[in-house]
1. Applying the selection to segment 194-237, what residues are over 18 Å from the mean Cα position of the chain (by Cα), over 20 Å from Glu115 (Cα atoms) and part of a loop (DSSP other than H, G, I, E, B)?
2. Can you name every residue in segment 238-249 that is free of Cβ contacts under 8 Å to residues at least 40 places away in the same chain and either over 16 Å from the mean Cα position of the chain (by Cα) or not in a helix (DSSP H, G or I) (or both)?
3. Just to be sure before I move on: is Leu38 buried (at least 20 other Cβ atoms within 10 Å of the Cβ), at negative phi, in a strand (DSSP E or B) and aliphatic (A, V, I, L, M) in the structure I sent?
4. So which of Thr199, Thr153 is within 18 Å of Gly127 (Cβ to Cβ) and in contact with a helix residue (DSSP H, G or I) (Cβ under 8 Å, 6 or more places away or on another chain)?
5. Where residues in segment 160-184 are part of a helix (DSSP H, G or I) and free of Cβ contacts under 8 Å to residues at least 40 places away in the same chain, which of them is farthest from the chain's Cα centre (by Cα)?
6. Across segment 104-131, what is the total count of residues that are out of contact with any Cys (no Cβ under 9 Å at 6 or more places or on another chain) and either surrounded by 23 or more Cβ atoms within 10 Å (Cβ to Cβ) or of a type in the set (Gly, Ala, Ser) (or both)?
7. Looking at segment 73-89, I want the residues that are farther than 16 Å from Glu55 by Cβ and have a partner that is surrounded by fewer than 11 Cβ atoms within 10 Å (Cβ to Cβ) with Cβ atoms under 6 Å, at least 6 apart or on another chain. Which pairs are those?
Amino acid sequence: MIKTVNIKPENFKELYFPTLAEITEVQQFTEKEKWYKLSLLDGSNLGHYPGQFVEVSIFGAGEAPISITSAPNSYGSFELCIREVGMFTEMIHKMKAGDKLGIRGPFGQGFDVNELYGKDILIIGGGIGIVPLRSLINYILDHRQDYGRLIITYGARNSKDLLFPEELELWQSNPDVEFHQTVDYGDESWKGNVGVITTLIPPLDLDLKNTIACITGPPIMYKFVLLTLQSKGLQDDNIYMSLERRMKCGVGKCGHCQINHSYVCQDGPVYHYPDLKLIREAI
């Protein structure tokens, strides 16, 4: 069954009124992506779990849903990675440490870390899809004894688009992580795999009964990743995927993210794949 978020009248203020947060650090990752560390001014913890998102606002300018990239264990602060894709995100990219943003949330259903307990976890992140998956990765690393193998596959268009470069090196060198990365187009400086992310999956030696795949990336990626996983024999029950790109208001009011009877901002963004198939078949 799909879990839903109950919107009660006493929660209306939390749902619709942002809490102020201060930017404490900013780092440029690529030409289009910046990383932000923030702290809520009221001193509270964000209280999120991997795969959730927040609504980020600039008063008088608007707001946008942004995936949380830090693990829930980051007490007192949280992290976002924001791609510049329009006027609103361009304004955020001009902000510096000490500037304030409005935050609503966290919202949505993320990855159920209890459901994943004891399992081998296969991370499949395409492009900016690694942003919410990083929250799950770092949660697992913080609770390493509770999970089996951690297999990370990450693909980007080219080496200049790879996010979290310092962290990628740490994953590569960590004996508790099986890390594989690829780029669609390599240049003379790139020494790794060249090809789409599905080229990383066939060589993997998986315990199919004990492996859970967690997938986030551009919509075009999903069809081919699912076909590749199914060709290896991974069952649909062992697949979770995020539709985080479809959201807008965050509270199931605008209908922008509606898929038949399901609101992605509440029932997702993370779906158990069998549930998602039922939703789409009902359209």
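1. Listed by number, the residues that qualify are Gly195, Val196, Ile201, Pro202, Pro203, Leu204, Asp205, Gly233.
2. Answer for segment 238-249, where residues must be free of Cβ contacts under 8 Å to residues at least 40 places away in the same chain and either over 16 Å from the mean Cα position of the chain (by Cα) or not in a helix (DSSP H, G or I) (or both): Asn238, Ile239, Met241, Leu243.
3. yes
4. Every option except Thr153 fails the conditions.
5. The extreme case among them is Ser173.
6. Adding up the residues that qualify gives 6.
7. If the second residue must be surrounded by fewer than 11 Cβ atoms within 10 Å (Cβ to Cβ), the pairs left are Glu84/Glu90.
For every residue, the table says whether it meets (1) without any contact (Cβ under 8 Å) to a residue 60 or more places away in the chain; (2) of a type in the set (Gly, Ala, Ser); (3) in contact with an Asp or Glu (Cβ under 9 Å, 6 or more places away or on another chain); (4) part of a loop (DSSP other than H, G, I, E, B).
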{"residue": "Lys96", "(1), (2), (3), (4)": "no, no, no, yes"}
{"residue": "Gly102", "(1), (2), (3), (4)": "no, yes, yes, no"}
{"residue": "Gly105", "(1), (2), (3), (4)": "no, yes, yes, no"}
{"residue": "Phe111", "(1), (2), (3), (4)": "no, no, no, yes"}
{"residue": "Ile130", "(1), (2), (3), (4)": "no, no, no, no"}
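Since every read-out is calculated from the coordinates, none of them should be taken as a lab result. Everything numeric here is computed off the predicted structure, so don't read it as measured data. Neighbour counts are summed over all protein chains in view; Cβ atoms, including those assigned to glycine, are modelled from backbone coordinates with ideal geometry.
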